[in-house]
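Each reported figure results from applying straightforward, stated rules to the coordinates on display, with no laboratory input. A quick note: this is a predicted structure, and the numbers were derived from the prediction, not measured. Every residue, glycine as well, gets a Cβ built from its backbone with ideal geometry; the counts of neighbours run over all protein chains shown.
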Amino acid sequence: MKARVRTTSLPWVGTSDLSLSDYWLRALAVLGAGALVAGLVFVYLLLVSDLTLVQREAARAALSVDKLQREVLYYEHRVDVAYSRESLEARARELGLRPFDEEHITRLKVGDGSRSGN
């Protein structure tokens with residue numbers, strides 16, 4: 001028995017059958033350029049959104065700092081008012097204290113200097 005050998009070429013073996021037409025090359029070029037542009041737009045939008053978030057946090061931190069500075073000024077003012085001469089005098093009068101002078105001073109007499117309990 002003799003082996004049969006095919007002598008005709010297969011349809012996909014020829015170079016003209018496997019080459020891409022100009023239409024497909026242009027379509028691939030347009031799709032590739034579109035994908036590149038879409039990728040760049042996506043990266044741009046991602047970076048802009050991150051920048052917006054960072055700016056929002058910076059503004060929030062600045063507002064917090066301003067609020068804390070106002071609060072510190074408020075408490076400094078309250079301390080100044082509370083320890084002012086007029087305020088201290090008014091509180092002393094409420095407690096029944098009088099301005100002290102020499103007639104209100106009582107001098108304590110210390111004995112001979114010994115520290116014995118007798």
Check: In region 21-97, if every C-alpha pair distance is counted and binned at 5 Å from zero, what percent goes to each bin?
Finding: 3, 12, 8, 8, 7, 6, 7, 5, 6, 5, 5, 5, 4, 4, 3, 3, 3, 2, 2, 1, 1, 0
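May I ask you to derive the FRET efficiency for residue 27 and residue 61 from their Cβ-Cβ distance with R0 = 41 Å, giving the value to the nearest 0.05?
Working: r = 51 Å, r/R0 = 1.24.
Step by step, r from the Cβ atoms, then E = 0.20.
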